[in-house]
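Here's the structure we're looking at; comments come further down.
The values are calculated or read from the model by the stated rules, or taken from the named source; none is laboratory data. Computed from a prediction, not measured in an experiment: that's the story for all the values here. Neighbour counts are summed over all protein chains in view; Cβ atoms, including those assigned to glycine, are modelled from backbone coordinates with ideal geometry. In case anyone asks, the SASA skips ligands and DNA or RNA and just uses the protein heavy atoms, side chains included. Shrake-Rupley method; radii C 1.70, N 1.55, O 1.52, S 1.80 Å.
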Amino acid sequence: MQIRYSFMLGAALTTPSFAADLNVKVEIPRLTVAEYHKPYVAFWIEGADQTFVRNLAVWYDLKMKNNEGTKWLKDMRQWWRKSGRDLQMPVDGLSSATRAPGEQQLNFNGAKSGLDKLPAGEYSLVVEAAREVGGRELIRVPFQWPPKSAQTAQGKGEHELGAVTIELKP
């Protein structure tokens, strides 16, 4: 009987857990304006009822003296109200520098990013951008979690963001 339990415990410890991945591509458009500043961008997940679930990434100006880049994080109004004001920036693994115009990619491994702990259901990836001497924009891209097969979903911005594409892999 003890051997059976040992075997079952060993099997349970060596059985791989399956965690899905979420890959995001976001286009930061090149704008022809007199004074261009790279946008601050926040990425987070909301439930079907638009309740905050989890932050994924926040891009802002990390190089400003005395952490002054945090002063403008509140310009990403939806993100700020849902979770930003509760964070002490910078946050390791969450915050990073702003990005230049062009297509940018983020990859979130389910196990490493904590997505494997999300209950099954309907969610939205929310991307919000705000730019100094510019505008604001928010895009929601709905998806099912966990994915049963490879899926792709897309949203499109009009000013501060271009195409936002998510790829889900089981």
> Applying the Karplus parametrisation 6.51 cos²θ - 1.76 cosθ + 1.60 with θ = phi - 60° to the phi angles of segment 65-72, what ³J(HN,Hα) value in whole Hz is obtained for each residue in order, glycine and proline being reported as x?
Replying inline: 4, 6, 6, 5, x, 5, 4, 9
> What order do VAL91, VAL24, VAL33 take when sorted by accessible area (1.4 Å probe), most exposed first?
Replying inline: VAL33, VAL91, VAL24
>> If the reach is capped at under 28 angstrom between alpha carbons, list the lysines near LYS63, excluding any in the same chain fewer than eight residues apart.
In response: LYS25, LYS38, LYS71, LYS74, LYS82, LYS112
> Who wins for biggest fluctuation among ARG54, ARG85, ARG131 in a Gaussian network model of the chain, springs between alpha carbons below 10 Å?
Replying inline: ARG85
>> Between LYS112 and ALA97, what is the label-point separation in nm under the 7 Å Cα-to-beta-carbon projection?
In response: 2.0 nm
>> Can you give me the long-range amide H partners of SER95? Hydrogens built in the peptide plane at 1.01 Å from N, cutoff under 5 Å, separation of 5 or more residues or another chain.
In response: VAL58
> segment 132-149 to segment 34-111: how many Å between their Cα centroids?
Replying inline: 13 Å
> With θ set to phi - 60° and the Karplus curve 6.51 cos²θ - 1.76 cosθ + 1.60, what are the ³J(HN,Hα) couplings of segment 47-52 in order, to the nearest whole Hz, using x for Gly and Pro?
Replying inline: x, 4, 8, 6, 7, 5
> Within the accessible area of the chain, what % is carbon and sulfur when the probe is 1.4 Å and the other protein chains stay in place?
Replying inline: 50 percent
>> Accessible area per residue for segment 41-170 in Å², computed with a 1.4 Å probe and the full protein assembly in place, what is it?
In response: 54 Å²
>> Springs between alpha-carbon pairs under 10 angstrom, Gaussian network model over the chain: which of ALA48, ALA20, ALA34 fluctuates most?
In response: ALA34
> Using helices alone, what [θ] at 222 nm do you get for the chain, with -39,500 (n - 2.57) per DSSP H run of 4 or more residues, divided over all residues and rounded to the nearest 500?
Replying inline: -3500 deg cm²/dmol
